[in-house]
Amino acid sequence: MVSWYSDDQIKEAKLIDLYSYLSKNRPSELIPVTSKVFCTARHDSLQISNGKWYWFSGDIGGASAIDYLVKVEGLSFMKAVEEVLGTAPNQLSSLVSPPKRKKLILPEKNKSSEKVVRYLARRGIHPELIIFCLEQGILYESKDYSNAVFIGMDKGEIPRYAALRSTVNAYKGEAAGSDKHWPFKLTNSSNNSHLHIFESAIDLLSYATLMLQYGSDWRREALLSLAGVFAYKRNSVLPVALEQFLEDYPKEWKIHLHLDNDETGQTAAQSIMNALAGKYNGWNQPPPFGKDVNEYLIRQTKQGGE
């Protein structure tokens, strides 16, 4: 059987704004800021007003509840529609073709990746990793805005996801049609058994840089970014990216979580650890200091140069 929603159901779901969804389904999460502005109990920097929302700490926003559930809570589009409508998807026989997957629209490539190389170097990323990613086609510079584009491939090496990161300001986003089941990752050896999990592509590359600095071979490990995390509503849940990875590459993985040193990151880490219990060996290993792995790398590098 395959699951799907009709075009009319999807249109209906997209019309429901975040305030309406939360007031009906999670009223305790709405915190009034003024008479017309609200934030949420999970994210005090996420403001809702005039039918729209913006999460300042995440630098992302939207209008619908669907936008929030996908961009902030990391749900798949299908799960987000189910949450908003409160109804299970329709069922079709597997002999019937399911609706077509939304097409990933990648930004046009720039003629060079000079700004991306300089940007990642400033973030402390080792040149070996930058060159490798550029040669593999999982990193490039966009023609418009000169953003760094981090590509996520599925098991068949087909691009399914693209994270966008400005080289000149704090902008972070995703290419249209991105599927969070397949974010940016490095899996270069079929013989590895250690899987390292990060919130972002830059944190992933930062950890690989630290491995190089410590004389370890990053190619012998599997490194997976999650395209962000959120404080999960349930205390035992796997992000869709990790769930998909374990399905695509079944093995007795030893899983290391390197999520951010903040409340959201560590709440998500504990939820993931609970979901892994009894199935995989897992360790919660946030950076020893700093907000995230990249900040830890930069501070370590500065201390080493002093």
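The values are calculated or read from the model by the stated rules, or taken from the named source; none is laboratory data. Everything numeric in this text was worked out from a predicted model, so none of it was measured. Don't worry about glycine lacking a Cβ; one is built from the backbone with ideal geometry, like all the others, and counts go over all protein chains shown.
Any idea which residue in the stretch 244-257 is nearest to V70 (Cα to Cα), counting only those that are buried (at least 18 other Cβ atoms within 10 Å of the Cβ) and touching a Ser or Thr at 6+ places or on another chain (Cβ under 9 Å)?
Filtering the stretch 244-257 for residues that are buried (at least 18 other Cβ atoms within 10 Å of the Cβ) and touching a Ser or Thr at 6+ places or on another chain (Cβ under 9 Å), the one nearest to V70 (Cα to Cα) comes out as F245.
Taking the condition at pLDDT 90 or above and of a type outside the set (D, E), does K11 pass?
No: the conditions fail for K11.
Could you figure out which of (1) more than 20 Å from G74 (Cβ to Cβ); (2) under 17 Å from the mean Cα position of the chain (by Cα) isn't true of E243?
All conditions pass for E243, except number (1).
Given the criterion in the same structural domain as G215 (by TED's automatic domain parsing) and touching a residue at least 60 places away in the same chain (Cβ under 8 Å), identify the matching residue among G173, G156, G137.
Values: G156 fails: touching a residue at least 60 places away in the same chain (Cβ under 8 Å); G137 fails: touching a residue at least 60 places away in the same chain (Cβ under 8 Å).
Matching residue, one of G173, G156, G137: G173.
Looking at the structure I just gave you, is A208 more than 27 Å from A80 (Cβ to Cβ), of a type in the set (G, A, S) and in a helix (DSSP H, G or I)?
Working: more than 27 Å from A80 (Cβ to Cβ): yes; of a type in the set (G, A, S): yes; in a helix (DSSP H, G or I): yes.
So A208 fits the description; yes.
Enumerate the pairs (first residue in the stretch 40-54 and on the phi > 0 side of the Ramachandran plot; second residue anywhere and modelled with pLDDT of 85 or more and in a loop (DSSP other than H, G, I, E, B)) with beta-carbon separation below 8 Å, excluding pairs fewer than 6 apart on the same chain, so at least 6 apart or on different chains.
N50/K36; G51/A63
Can you list the strands (runs of 3 or more DSSP E) found entirely within the stretch 106-189 that contain at least 3 residues being closer than 21 Å to V293 by Cβ?
Of the strands (runs of 3 or more DSSP E) lying wholly inside the stretch 106-189, those with at least 3 residues that are closer than 21 Å to V293 by Cβ span 148-153, 159-165, 172-174, 185-187.
Of the residues that sit in the stretch 122-162 and are among the basic types (K, R) and either out of contact with any helix residue (DSSP H, G or I) (no Cβ under 7 Å at 6 or more places or on another chain) or at pLDDT 95 or above (or both), which one is surrounded by the most Cβ atoms within 10 Å (Cβ to Cβ)?
Applying the filter and picking the extreme gives R160.
Which residues, counting only those in the stretch 272-298, are part of a loop (DSSP other than H, G, I, E, B) and among the charged types (D, E, K, R)? Break it down stepwise before answering.
Residues of the stretch 272-298 that are part of a loop (DSSP other than H, G, I, E, B), as a first pass: 277-280, 285-292.
Correct list: K279, K291, D292.
Considering A241, A175, which residue is at pLDDT 90 or above and touching a Lys or Arg at 6+ places or on another chain (Cβ under 7 Å)?
From the options A241, A175, the qualifying one is A241.
Between A208, A241, which is crowded, with 21+ Cβ neighbours inside 10 Å, touching a helix residue (DSSP H, G or I) at 6+ places or on another chain (Cβ under 6 Å) and hydrophobic (A, V, I, L, M, F, W, C)? Walk me through how you get there before you give the answer.
Numbers: A241 fails: touching a helix residue (DSSP H, G or I) at 6+ places or on another chain (Cβ under 6 Å).
Testing whether each residue is crowded, with 21+ Cβ neighbours inside 10 Å, touching a helix residue (DSSP H, G or I) at 6+ places or on another chain (Cβ under 6 Å) and hydrophobic (A, V, I, L, M, F, W, C) leaves just A208.
Only one of (1) modelled with pLDDT of 85 or more; (2) surrounded by 12 or more Cβ atoms within 10 Å (Cβ to Cβ) is not met by L85, so which one is it?
(1)
Considering the stretch 1-45 alone, what residues qualify as being surrounded by 17 or more Cβ atoms within 10 Å (Cβ to Cβ) and assigned to a strand (DSSP E or B)?
Correct list: D17, F38, C39, T40.
Just to be sure I understand the filter: pairs with C-beta atoms under 7 Å, separated by 6 or more residues or on different chains, first member in the stretch 23-39 and more than 15 Å from Y54 (Cα to Cα), second member of a type in the set (S, T, N, Q) and surrounded by 10 or more Cβ atoms within 10 Å (Cβ to Cβ). Which pairs pass?
Pairs found: E29/T40.
I'd like to check something: does the stretch 94-102 contain any residue that is within 22 Å of the chain's Cα centre (by Cα), under 23 Å from A163 (Cβ atoms) and modelled with pLDDT of 85 or more?
No, the conditions are met nowhere in the stretch 94-102.
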